[in-house]
Amino acid sequence: MTEAAVHIEPATMLVRLKIWRFNAQTGEKELRDYEIDAPEWACLLDVLDLIKDKVDGTLAYRKSCRMMICGSCGMRMDGKAVLACKERMKPIVDSGHVPVISAMGNLPIVKDLVVDMGPFWNKIKAVKPWLDPGYDEVAERERVVSQQQMNVIHKEALCIMCGCCVSECNSMESDPDFLGPAALAKGMRFVGDARDHDDIGRLNSYNEEHGIWDCTRCYFCNERCPKGVDPRDAIAKLGAESIKQGIDHDMGAKHANWFVTSAKTTGWLRETELVPKTQGVVSAIKQTKFALKLFRHGKVPLPFPPHVAEEVQESRALFDLVKQQGRDGALGIVQGERGLARIDQDAPEGSSGGWGSRDQADITPGKRPTRGKGGEA
Ligand code: SF4
Ligand code: SF4
Ligand code: FES
């Protein structure tokens, strides 16, 4: 039998989509219905290609690699940012749902599903996205970086610059100048790099207005990132590292610091003192009326005498342990991530996890990789 004789046409399905069309020049916006036969293995990008080829050649969208590498095909499906080349259509068609496709959020639309990535790249540039090794001379020998050292920035290095996280960022929606999840994850990629010598300079810059402390911790960037970069976790690492390095002038850093101090000294969060410790005494005085109102309604306790938990020594011991083991900076969060990943990985199919041990994590808390020649840990 010849090869041609065994060729089997792929099974097809009828895909229906609604696409927001937009013309930036005229400002016209229209939700148009499309339907087309597509192979059952088709992803959203394949369906858009078929529509453009056979139904409407004026439809505009971006693509390149078709395999989740180039980051070009970011768009929204039913209001959530996705990579079009990652979304399989079969389950959606089977469910009878007709998805709505639109351009990514937080970036100006040029046409249909194409956004202007200029503001995205400006923010990436603002975090100095290159290695600053702190020397000019050419190395006499290769500077070796161990796998253990690279593990620290493994997730951040996976970013493909698709902008899906930026599309979903709540903070950026209210403050377009916020550096945003992609740029800050890129920043962490260099702060955590054993070969970089400008971590303090970088942290100072990321602690400015519109920097790390402006993140509202909504976690939408983690939820929508198609590559598992978890930008919110990268921002948390930058925060932890900043505080460890004494860069804590921002109100957000003071807030975080007070949480730790309060838990360590009394085992409780002393909310009444949160405002003076975070915003300063003048601001606290201005809010006295509001504080008294809260007190009258039993919402906050009086600050004095502070209530101390019976087993407060336990929270103090935990604080000391974290310090001793060097888990108070970014490495503590990396350690936690790797421990959780191991639990997920080790858990047998169908179980809810719990088989791994966080003590086996293959990074060493407290031992920040030595920088400089050779890059040895
Ligand atoms: S967690 Fe922060 S950076 Fe991520 S989407 Fe929310 S506000 Fe933006
Ligand atoms: S962090 Fe994730 S969502 Fe954001 S640009 Fe990188 S790959 Fe895309
Ligand atoms: S086309 Fe490259 S990531 Fe989708």
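Run the lone-cysteine check on the chain: no other Cys C-beta under 4.7 Å from the residue's C-beta.
Among the cysteines of the chain, those whose Cβ sits 4.7 Å or more from every other are Cys43, Cys73, Cys85, Cys159, Cys162, Cys164, Cys169, Cys215, Cys218, Cys225.
Counting Lys +1, Arg +1, Asp -1, Glu -1, what net charge surrounds Pro276 among other residues with beta carbon under 14 Å of its beta carbon?
+2
Just want to confirm a number: the relative contact order over segment 270-328, from Cα pairs under 8 angstrom separated by 6+ residues, in percent.
29
Would you mind counting up the charge near Ala60? Only other residues with Cβ under 12 Å from its Cβ, with Lys and Arg at +1 and Asp and Glu at -1.
+3
Would you mind getting the accessible area per residue of segment 221-350, heavy atoms of the protein chains only, 1.4 Å probe, in Å²?
The answer is 60 Å² per residue.
I need the phi-derived Karplus couplings for segment 225-240: 6.51 cos²θ - 1.76 cosθ + 1.60, θ = phi - 60°, integer Hz, Gly and Pro marked x.
Once θ is set to phi - 60°, the couplings for segment 225-240 become 5, x, 10, x, 6, 6, x, 4, 5, 5, 5, 5, 5, 5, x, 4 Hz.
Which of these, Arg232, Arg88, Arg202, has the largest mean-square fluctuation under a Gaussian network model of the chain (Cα springs below 10 Å)?
Arg88
Looking at the chain as a GNM with Cα springs under 10 Å, which of Thr12, Thr26, Thr265 has the largest mean-square fluctuation?
With Cα springs under 10 Å in the chain, the top fluctuation among Thr12, Thr26, Thr265 is at Thr26.
What accessible area per residue comes out for segment 147-194, rounded to a whole number of Å², with a 1.4 Å probe?
Counting only protein heavy atoms, the per-residue value for segment 147-194 is 29 Å².
So what's the net charge close to Met251: Lys and Arg +1, Asp and Glu -1, counting the other residues with Cβ under 11 Å from its Cβ?
-2
How much of the pair distance distribution for the chain lies past 25 Å, counting alpha-carbon pairs only, in percent?
66
I need the P(r) histogram for segment 54-181: all alpha carbon pairs, bin width 5 Å from 0 out to the longest distance, whole percents.
P(r) for segment 54-181, in whole percents per bin: 2, 9, 14, 18, 17, 13, 9, 8, 5, 3, 2, 1, 0.
Take the chain, connect every pair of alpha-carbon atoms lying under 10 Å apart with a spring to form a Gaussian network, then pick out the residue of Leu107, Leu179, Leu302 with the largest mean-square fluctuation.
Looking only at Leu107, Leu179, Leu302, the biggest GNM fluctuation is shown by Leu302.
Translational D (Stokes-Einstein, µm²/s) of segment 270-328 at 4 °C and 1.567 mPa s when Rh comes from the Kirkwood sum over C-alpha pairs?
For these conditions, the coefficient is 95 µm²/s.
What is the mean projected area of the alpha carbon convex hull for segment 110-169, to one decimal in square nanometres?
6.5
Using alpha carbons only, how many degrees (0 to 90, rounded to 10) separate the axis of helix 330-346 from the longest principal axis of the chain?
Between helix and principal axis, roughly 50 degrees.
Taking H placed 1.01 Å from N in the peptide plane, check which residues at least 5 places from Met13 or on another chain put their amide H under 5 Å from its amide H.
Long-range HN contacts for Met13: Ala38, Glu40.
Show log10 I(q)/I(0) for segment 165-294 at q = 0.11, 0.23 Å⁻¹, two decimals, from a solvent-free Debye sum over equal Cα scatterers.
-0.46, -1.28
Leaving out ligands, DNA and RNA, and with a 1.4 Å probe, what % of the accessible surface on segment 270-328 is carbon or sulfur?
The nonpolar share, carbon plus sulfur, comes to 62 percent.
In segment 11-115, what percent of the accessible surface is made up of carbon and sulfur (1.4 Å probe, ligands and nucleic acids excluded)?
51
With the convex hull built on the Cα atoms of segment 11-115, state its orientation-averaged projected area in nm².
6.3
The values are calculated or read from the model by the stated rules, or taken from the named source; none is laboratory data. Given the structure is predicted, the values throughout are model-derived calculations rather than measurements. Glycine gets a Cβ as well: all are built from the backbone with ideal geometry, and neighbour counts include every protein chain shown. Quick note on the areas: whole protein, heavy atoms, side chains included, nothing else; ligands and nucleic acids left out. Shrake-Rupley method; radii C 1.70, N 1.55, O 1.52, S 1.80 Å.
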